[in-house]
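Heads up: the structure comes next, in structure tokens.
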Amino acid sequence: MRILHILDHAMPLHSGYSFRTRAILKAQAARGWAVAGVTGPRQGASGAGCETIDGLTFYRTDYAPHGASPLREWREVAAFAERIDEVVREWRPDQLHAHSPVLNAMAAQRVARRHRLPLVYEIRAFWEDAAVGNGTGFAGSPRYWATRLLETNAANQADAVAVICDGLKQDLVRRGVAADKIFVAPNGVDLGLFGKPAEGDAQLARQLGLEDAEVIGFIGSFYDYEGLDDLIAAMPALVEARPKAHLLLVGGGPMDADLRDRAKASPVAAHIHFTGRVPHTEVEKYYALIDILAYPRKKMRLTDLVTPLKPLEAMAQRRLVAASDVGGHRELIEDGVTGTLFPAGDPAAIAQALTGLLMISRAATMRFRTCRPRPIRTRNRMQSRWLESASRTTPRTMSLGTMFFRFRARRCPRRIRSAANFARMSRMNRTTRSRRPLQRRRRPSIGQRPRAANSWIW
């Protein structure tokens, strides 16, 4: 099995997007599959047509987007599709796996049709909602609805659709995308790389003014939807109740300057600390300084539908987690069991929740970090299945190889269809305990497959 991944960007750029991509490619390679990636114009100039990073091969697209929107995006799709086509002719994949955003899926779809390849589309967030969350778009605008139509059409055209959480799946089903071709491959943390907490660095604590402090922390990108302004607004009440409480903000982003101004204006400015961006290899040192990781995301479509990665990293580092009760957090965190939830957008509730957590004695906190209680064990059960979750591209028990036969069978001669039946029967025999005869499902041919209502876009 040879799988070509269609990517917005990848290593050596550091982001949650590139780290998840790396984990998926590594997991698939561990199963004996040949994998490679081709990154789009947004990766930026690399000076090389092909690079090998951390044992993974990435083909680059040498194109600089230009012009006004939406002409710029259409040019980008055309240039990316041309590059994907070149790589397909050279590398000869069996399957294409396009990752968000939708421009990647549009480019991949052109090549998949041309070479009669099955296409998996992985959605990590809806592009229209991400634009609203990042402050680059507006809900309900013509651009918003046009992007939404493109996203829905791309999901309908794909042979299978992967999403990172159930919220995205249910939203696609409500749009009319067939539920049986959508499956959830959740976020996870590679415990081999991120599961051993570092020892506290006393010198770093002194440099930051956090000696003998109760530290509330956030590590990540500073976007408006993260709600860090609410966290800063909660600090006066928290410090009044817990005088040793300090807030440590690690990272940077569009809201950096605004958050620093809010911190300077706070009556407890001396209790709020910024580090700026830090190398990914040093992040664990900052986790070691923090007692509670806080994620006060604001309530909006993006945060209700998408599960974040950072709370899982905090759990892997055996830290207490407090988060707002948006849908994405509720899918990850069971209130009072695997973390604490508080009402979104309410600084008073944030302060109250954090005060309650800080009342836990330091001895109890240390036992939590060393004995791996239920919240961590629960998460580890999910993490132990990360390789399977990252590798699968069809629902539950179906392997990617079976999916390849399944979708190739729609386009290929009878001998391929027989191979697909053999793979399906083998899988069912392995996973079904009962001896009841299997019922065959009739699958529509390509000509009978329903198309999206907005297929005119293509």
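The values are calculated or read from the model by the stated rules, or taken from the named source; none is laboratory data. In this text the structure is predicted, and so the values were computed from the model without any measurement. Note: ideal-geometry Cβ built from the backbone for every residue, glycine included; neighbour counts use all protein chains shown. Just the protein is used for accessible areas: all its heavy atoms, side chains included, with ligands, DNA and RNA removed. Shrake-Rupley method; radii C 1.70, N 1.55, O 1.52, S 1.80 Å.
Odds and ends about this structure:
- Applying the condition of being outside any loop (DSSP other than H, G, I, E, B), open to solvent by 60 Å² or more (accessible area, probe 1.4 Å) and among the basic types (Lys, Arg) to region 171-215 and asking which residue is nearest to Ala316 (Cα to Cα) yields Arg206.
- Considering only residues in region 150-165 that are closer than 20 Å to Leu312 by Cα and out of contact with any strand residue (DSSP E or B) (no Cβ under 6 Å at 6 or more places or on another chain), the one that is surrounded by the most Cβ atoms within 10 Å (Cβ to Cβ) turns out to be Ile164.
- Scan region 50-61 for residues that are surrounded by 13 or more Cβ atoms within 10 Å (Cβ to Cβ) and of a type outside the set (A, V, I, L, M, F, W, C) and the total you get is 5.
- Counted residues, region 256-269 - those being closer than 19 Å to Gly135 by Cα and either of a type in the set (A, V, I, L, M) or surrounded by 19 or more Cβ atoms within 10 Å (Cβ to Cβ) (or both): 2
- Region 243-255, subset surrounded by fewer than 17 Cβ atoms within 10 Å (Cβ to Cβ) and in contact (Cβ under 8 Å) with a residue 12 or more places away in the chain, residue farthest from Thr303 (Cα to Cα): Lys244
- Residues of region 232-290 satisfying the condition of being in a loop (DSSP other than H, G, I, E, B) and of a type in the set (S, T, N, Q): Ser266
- Top-ranked residue in region 12-39 [being assigned to a loop (DSSP other than H, G, I, E, B) and at pLDDT 90 or above; ranked as least open to solvent (accessible area, probe 1.4 Å)]: Trp33
- Enumeration of residues in region 44-77 that are in contact (Cβ under 8 Å) with a residue 12 or more places away in the chain, among the hydrophobic types (A, V, I, L, M, F, W, C) and farther than 17 Å from Arg2 by Cα: Ala45, Ala48, Ile53, Ala64, Val77
- Scan region 149-168 for residues that are within 30 Å of Met255 (Cα to Cα) and within 19 Å of the chain's Cα centre (by Cα) and the total you get is 7.
- Restricting region 101-149 to residues that are small (Gly, Ala, Ser) and farther than 19 Å from Tyr223 by Cα, the residue that is surrounded by the fewest Cβ atoms within 10 Å (Cβ to Cβ): Gly140
- Subset of region 270-316 [open to solvent by 40 Å² or more (accessible area, probe 1.4 Å) and of a type in the set (Gly, Ala, Ser)]: Ala270
- So Tyr286, is it in contact with a Pro (Cβ under 7 Å, 6 or more places away or on another chain) and of a type in the set (Phe, Trp, Tyr): no
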